[in-house]
Amino acid sequence: MPFVLPVLPWADDALAPVISANTLSFHYGKHHKAYVDTLNKLTAGTELAELPLIDVVKKTTGVPDKLPIFNNAAQAWNHAFYWESLAPKSGGMPTGKIAAMIDKDLGGYEKFKIDFANAALTQFGSGWAWLVLEDGKLSIRKTPNAETPASGSATPLLTIDVWEHAYYLDYQNRRADYAAAVIDLLLNWEKANERLG
Ligand code: MN
């Protein structure tokens with residue numbers, strides 16, 4: 001099968017207590033895996049199956065008769081990106097280039113924390129909160145369902161999954177608590193710096 005579920009670099013319980021092993025096993029082992037499996041089924045024998053995942057996302061963005069492929073490709077991409085946006089014993093104050101850019105573009109870390117949590121909280125229904133780089137500047141975005149800034153010209157740097165399956169087992173309806181804990185304890189600033197290049 002051309003599209004594969006990426007192997008996570010840490011154990012199921014590595015993100016606990018912010019994200020429990022139970023949530024991780026369902027989220028990664030069931031939800032993420034289902035997007036990859038469905039994408040393989042939907043693209044089997046087509047030219048899309050020959051392409052890198054990001055190219056499938058870009059090529060199917062906004063194409064009505066490719067919507068099921070887009071949804072599964074974008075969710076496969078978004079989830080791989082989400083796992084990389086998290087790391088055990090991380091989060092809190094950023095360091096390096098991203099810290100300086102947050103000060104310059106987003107009004108400093110304390111304001112970033114509020115604005116990023118607010119994007120996560122106010123995304124109506126399922127979706128994603130994003131820190132992206134566009135035209136040399138950082139910005140915060142939110143997208144519904146499978147939509148992703150990776151479809152366009154922005155460079156995604158970090159994301160938080162705000163679909164209910166990402167937090168409901170651990171936080172029930174308290175999405176704000178989940179987002180705040182991810183920001184404080186899991187955001188992978190090292191990866192964000194790497195993505196800035
Ligand atoms: Mn998810």
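Quick notes
- Length-normalised contact order of the chain in % [C-alpha pairs under 8 Å, at least 6 apart]: 25
- Gap separating the Cα centres of segment 4-74 and segment 119-141, nearest whole Å: 20
- Candidate cross-link partners of Lys33 among the lysines, defined by an alpha-carbon separation under 29 Å and a same-chain spacing of 8 or more, comprise Lys41, Lys58, Lys59, Lys66, Lys89, Lys142, Lys191.
- Within the chain: Cβ-based charge dipole about Cα centre, in debye rounded to nearest 20 (Lys, Arg +1; Asp, Glu -1): 160
- Listed residues Glu50, Glu84, Glu147, most fluctuating in the chain (Gaussian network, C-alpha, under 10 Å): Glu50
- Counting heavy atoms of the protein chains alone, Ser126 has an accessible area of about 40 Å² for a 1.4 Å probe.
- Highest-fluctuation residue, Lys33, Lys104, Lys113 considered, GNM on the chain with Cα pairs under 10 Å: Lys104
- Gyration tensor (alpha-carbon) shape descriptor, segment 91-152, a/c threshold 1.5: oblate
- Charge dipole (segment 94-197, unit charges on Cβ, about Cα centre) - positive-most of Asn145, Ile114, Tyr167: Ile114
- Toward the positive end of the charge dipole of segment 60-106, with +1 on the Cβ of Lys and Arg and -1 on the Cβ of Asp and Glu, the farthest Cα among Phe70, Thr60, Ser90 is that of Ser90.
- Helix-derived mean residue ellipticity, 222 nm - over the chain, DSSP H n ≥ 4, -39500 (n - 2.57), to 500: -14000 deg cm²/dmol
- Rounded to 10°, Cα long-axis angle of helix 67-85 versus longest principal axis of the chain: 40
- Given charges at beta-carbon only (K, R positive; D, E negative), |dipole| of segment 90-157 in Debye: 80
- The GNM of the chain, with springs linking C-alpha atoms under 10 angstrom apart, assigns the highest mean-square fluctuation among Gln123, Gln172, Gln75 to Gln172.
- Whole-number D in µm² s⁻¹ for the chain, Kirkwood Cα-pair radius fed into Stokes-Einstein, 25 °C, 0.890 mPa s: 144
- As a length-normalised measure over Cα pairs under 8 Å and 6 or more apart, the relative contact order of segment 21-84 settles at 37 percent.
- Taking the C-alpha atoms of segment 134-197, convex hull volume expressed per residue in Å³: 96
The values are calculated or read from the model by the stated rules, or taken from the named source; none is laboratory data. The structure presented is a predicted model; accordingly, all values stated were derived computationally and were not measured. We place every Cβ from the backbone using ideal geometry, glycine too, and count neighbours over all the protein chains shown. Side chains are part of the model used for accessible areas, which takes the heavy atoms of the whole protein and leaves out ligands, DNA and RNA. Shrake-Rupley method; radii C 1.70, N 1.55, O 1.52, S 1.80 Å.
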